[in-house]
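K.L.:
Okay, here's the structure, questions in a sec.
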Ligand SMILES: Nc1ncnc2c1ncn2[C@@H]1O[C@H](COP(=O)(O)OP(=O)(O)O)[C@@H](O)[C@H]1O
Ligand SMILES: [Mg+2]
């Protein structure tokens, strides 16, 4: 059965696109069939994988069903597939609100499109924009899991609260099966004495949602997009490659159809986060 994942955080520059591409690539190396979807009108994933979005008819034409999946999907070196975003993606959100008076229908455009192709893949990973607009709500109304990358910084906790609220709202309104699949510490700097303190704080806040794997700061990860390569093709022996391999193993071992482990909420940083986390953990029935 397919596993659908939205990589999401309301902040930009936190490593979402790096995570989507290299986690997808690592899962492919484990033999999984992977589709990446660029939902960000800034086209970072599309450009990372060497496609120029300027004249392109991208994922927006699949969401509106003006073009067939096969007319838009691309392959990265015959390893994994991706749906690039084109120049009209930015207009799609406005169009959605204008054309679909029926809110419920509007929120399920992505779900309705992807239900027809999802069985071709083991993993479908959406790279969401750093905003809570209609594209993000559409993605969250479809997927099973949200992966939230958090930077290993003191302010990361505060920044993630709004994202958790949005996830919780979409879960209660449109997608009861939605769950917070993983909170992934990224840009971890082992040389910084504060890093372990921060990870401990993240652990207190997110408990078992926090992955054991931390993605360390690694210059190769920042360089790879300039060559249009995943970390495994650019620097297969780098720390970045090691970390993403480890993360992919951890992700593949997560239980798919059920909620992850319950765990004590008493340590959560504040009651509003606690409320949201409880809701995210609540039984889907
Ligand atoms: N672990 C890392 N080590 C070093 N640089 C990173 C790492 N993760 C991301 N970057 C770099 O940080 C910047 C922001 O990352 P990106 O994945 O584009 O974030 P987002 O998609 O959230 O905006 C990019 O230049 C990227 O190459
Ligand atoms: Mg991005």
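Okay, residues lined up against (1) in a helix (DSSP H, G or I); (2) farther than 18 Å from residue 178 by Cα; (3) in contact with a strand residue (DSSP E or B) (Cβ under 7 Å, 6 or more places away or on another chain); (4) at pLDDT below 95:
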{"site": "201", "(1), (2), (3), (4)": "yes, yes, no, yes"}
{"site": "204", "(1), (2), (3), (4)": "yes, yes, no, yes"}
{"site": "223", "(1), (2), (3), (4)": "yes, yes, no, no"}
{"site": "243", "(1), (2), (3), (4)": "yes, yes, yes, no"}
{"site": "248", "(1), (2), (3), (4)": "yes, yes, no, no"}
{"site": "255", "(1), (2), (3), (4)": "no, no, no, yes"}
{"site": "283", "(1), (2), (3), (4)": "no, no, no, yes"}
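K.L.:
Taking the conditions exactly as written (surrounded by fewer than 24 Cβ atoms within 10 Å (Cβ to Cβ) and at negative phi), does residue 29 satisfy them or not?
P.N.:
For residue 29, the condition - surrounded by fewer than 24 Cβ atoms within 10 Å (Cβ to Cβ) and at negative phi - is met.
K.L.:
Moving to a separate point now. Give the residue that is surrounded by the fewest Cβ atoms within 10 Å (Cβ to Cβ), with candidates limited to residues of the stretch 32-41 that are within 14 Å of ligand 1 (Cβ to nearest atom) and not in a strand (DSSP E or B).
P.N.:
Restricting to residues being within 14 Å of ligand 1 (Cβ to nearest atom) and not in a strand (DSSP E or B), the top hit is 41.
K.L.:
Does any residue of the stretch 61-72 turn out to be touching a residue at least 24 places away in the same chain (Cβ under 8 Å), within 16 Å of ligand 1 (Cβ to nearest atom) and part of a loop (DSSP other than H, G, I, E, B)?
P.N.:
The answer is no, given that none of the residues of the stretch 61-72 is touching a residue at least 24 places away in the same chain (Cβ under 8 Å), within 16 Å of ligand 1 (Cβ to nearest atom) and part of a loop (DSSP other than H, G, I, E, B).
K.L.:
Which one of the conditions (1) over 22 Å from residue 81 (Cβ atoms); (2) within 16 Å of ligand 2 (Cβ to nearest atom); (3) buried (at least 19 other Cβ atoms within 10 Å of the Cβ) does residue 225 fail to meet, given that it meets all the rest?
P.N.:
(1)
K.L.:
Considering each of 149, 185 in turn, give the residue that is away from ligand 2 (no atom under 16 Å from the Cβ), at pLDDT 90 or above, in contact with a strand residue (DSSP E or B) (Cβ under 9 Å, 6 or more places away or on another chain) and not in a loop (DSSP other than H, G, I, E, B).
P.N.:
185
K.L.:
Test of understanding: among 46, 17, which residue is more than 22 Å from residue 113 (Cα to Cα) and not in a loop (DSSP other than H, G, I, E, B)?
P.N.:
Sole residue among the options that is more than 22 Å from residue 113 (Cα to Cα) and not in a loop (DSSP other than H, G, I, E, B): 17.
The values are calculated or read from the model by the stated rules, or taken from the named source; none is laboratory data. Please read these numbers as outputs of a predicted model, since none were measured by experiment. Glycine also receives a Cβ, built like all others from the backbone with ideal geometry; neighbour counts cover every protein chain displayed.
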